[in-house]
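Read through the structure below, which is laid out as structure tokens, and then see the notes.
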Amino acid sequence: MLRNSSLARQSTESIERLYITMRHLFYRGAFKITGNSGLALRDLLLKLNPEIYGFIADPNTVELEGLLYVLDRLPEGIEQTPYINLTADEGYASSHFEAIVPLKRRRNCYRIDSEQMNIEVLRGRSEIYDILTHLTFFYNEADKIMYRAFENNKMSRVWEKIEHVVHQKKSLSLEEREVALIHLAHILGRTFEETKLAYEAFSFDENKDRLFHVIYWMGKLSHMDYNGLVSREITFTSTLRSQIGHHLTGEKWANQIKYELHSKNLHQRPLHIISANMHSVMNMLFAHKSQGREYDKSLELSVYEELSSSINKDLRDNVREFAANGGMMYIEDTSGANIDVQIIDLKGFDFDQTAFKSIKYDRNDVLIVMDYAFGEQAFEVMDELLKPYREEDYFEMNVKSVSIMGKAGILEGSKGDIMVADSFVFEGTADNYPFDNQLSKSDFDGYDLGVYQGMMVTVLGTSLQNKNILEFFKDTSWECIGLEMEGAHYQKAIQIASKIRGHIDENVRVSYAYYASDNPLETGGTLASGGLGLTGVKPTYLITLKMIEKILQA
């Protein structure tokens, strides 16, 4: 245990040094990937050796699952651009540049020219740290490729074959592709089978050979950098540096919601804030009605599984249209926060054909359903939302409850299990947030899911966690059940609004529950191993069910 504690302390120190270094580089305004600062950042990440980045510390093996995970969160084409510029919202949307939105991160990016990619950062420091961590991993793997592609600074025969594949115009035959994959496997330090699986995972319909292109450009730019032909560099605009931490986006976002509440004369009603996704609350209240189906079980998954299937877009559109005509107002975010909102007026709501038809409800509550925040952004948006409105009129937010549903890494259990938090500890600090959760483990009895209740750690970034730290939190007296990125930030904002500023009721009710998106202590169980798929339907809707029940029965 002493050895594990010592390793955990070393890992924690590496994380703290990483963030101090990142913050310093941010305020400095720029750094080169192969400069002293860029290499120091990389050394710290290698020392930490996060679980999500797999073989990052192995100089002879390129980490493929981690690379796909990172590229899904960075703009398409970033492997071709040596210059990365992180910006605020600086008007690119009104230019001729077409926004590039990463597959699994809602952020606007712009390819300025053949060498430069601009990435808009509108979600606070957590987003900056997230991007820098991913890029540091990305450039580490690029250098591995370069070292294996060039022998004594001379292009290897195998790399010539890869270059030929990338530049040829015609599609590859099966035989040509498999020959190319054998050459690529040599460059990657992986087996043919592993490389073939990666080829399929990286493929797009419009670019089946994407893996070849990504690996080629990563290795090429790395080689050009080390030979002085180009300088890979990350810069931060002065506008971004001046705006970070000032809640400009959060204030604009919150005022848009309060304006809509006021204009619809809902602002004095009892308000219930739910941080979730944009489908589960809507579907539980409107999906069965929209299809003329009866809800005859405490939790009926078939409808929700149908709605979650990628082939049923028309069905989802039908539910949204029905909900819009049935009292749900949709507020598409225009602030840049990337957090859309639904407002649902429950006054006179007909709960027949829903899971709540047996509940006697005769009040006039209003649900404010907000999409997921990202890390530290959770404090910004919740802090601004709970403040009084001071524009056309003045009113305080009549908030009766705040419910937070999220996805998190679980430390004991499996993907799809449920975690009920009773406190948050903020990683790397003495900040701790105990609270009285309206939800408990017993609320989920009888549903054939693993359910865990206890302390959760709010981490600076899930991509920085390693086994030493996680096992320390799990196996010591902390008895931590999971890790996530927003809980402490949400609870901090709620406590400031209720206990210190007096903006909302001091006894505001809170609910926190998470479904497990990954188990970073389990081999093959990290976020890089893939999403939940339909496994996430049951815990998502079960948590939604219990949160709405608590609101209606209060």
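The values are calculated or read from the model by the stated rules, or taken from the named source; none is laboratory data. As the structure is a prediction and not an experimental result, all values here were calculated from the model. In case anyone asks, the SASA skips ligands and DNA or RNA and just uses the protein heavy atoms, side chains included. Shrake-Rupley method; radii C 1.70, N 1.55, O 1.52, S 1.80 Å.
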Karplus couplings for the stretch 209-217 from phi (6.51 cos²θ - 1.76 cosθ + 1.60, θ = phi - 60°), rounded to Hz, Gly and Pro as x? 9, 4, 4, 4, 5, 4, 5, 4, 6
Tally up the carbon and sulfur contribution to the accessible surface of the stretch 216-366 as a whole percent, 1.4 Å probe, everything protein left in place. 46
Lysines within cross-link reach of residue 538: Cα-Cα under 22 Å, excluding same-chain residues under 8 positions apart? 104, 289, 297, 313, 357, 407, 415, 441, 546, 550
Quick one: of the DSSP bridges fully inside the chain, what percent are antiparallel, nearest 5? 40
In nm, what is the difference between 0.36 nm times the number of residues separating residue 390 and residue 361 and their Cα-Cα distance? 7.2 nm
The chain: angle of helix 157-167 to the longest principal axis, Cα-based, in degrees nearest 10: 50
Ellipticity estimate at 222 nm from DSSP helix runs (n ≥ 4, -39,500 (n - 2.57)) divided over the chain, nearest 500: -13000 deg cm²/dmol
Under 5 Å from the placed amide H of residue 453, counting only residues 5+ away or on other chains, we find 420
Going by alpha carbons, how many degrees (0 to 90, nearest 10) lie between the helix axis of 248-263 and the longest principal axis of the chain? 30
What angle do you read, to the nearest 10 degrees and between 0 and 90, between the alpha-carbon axis of helix 36-48 and the longest principal axis of the chain? 70
In percent, what relative contact order does the stretch 124-234 have, based on Cα pairs under 8 Å that are 6 or more apart in sequence? 31
Counting only heavy atoms of protein chains, what accessible area per residue, in Å², does the chain have with a probe of 1.4 Å? 42
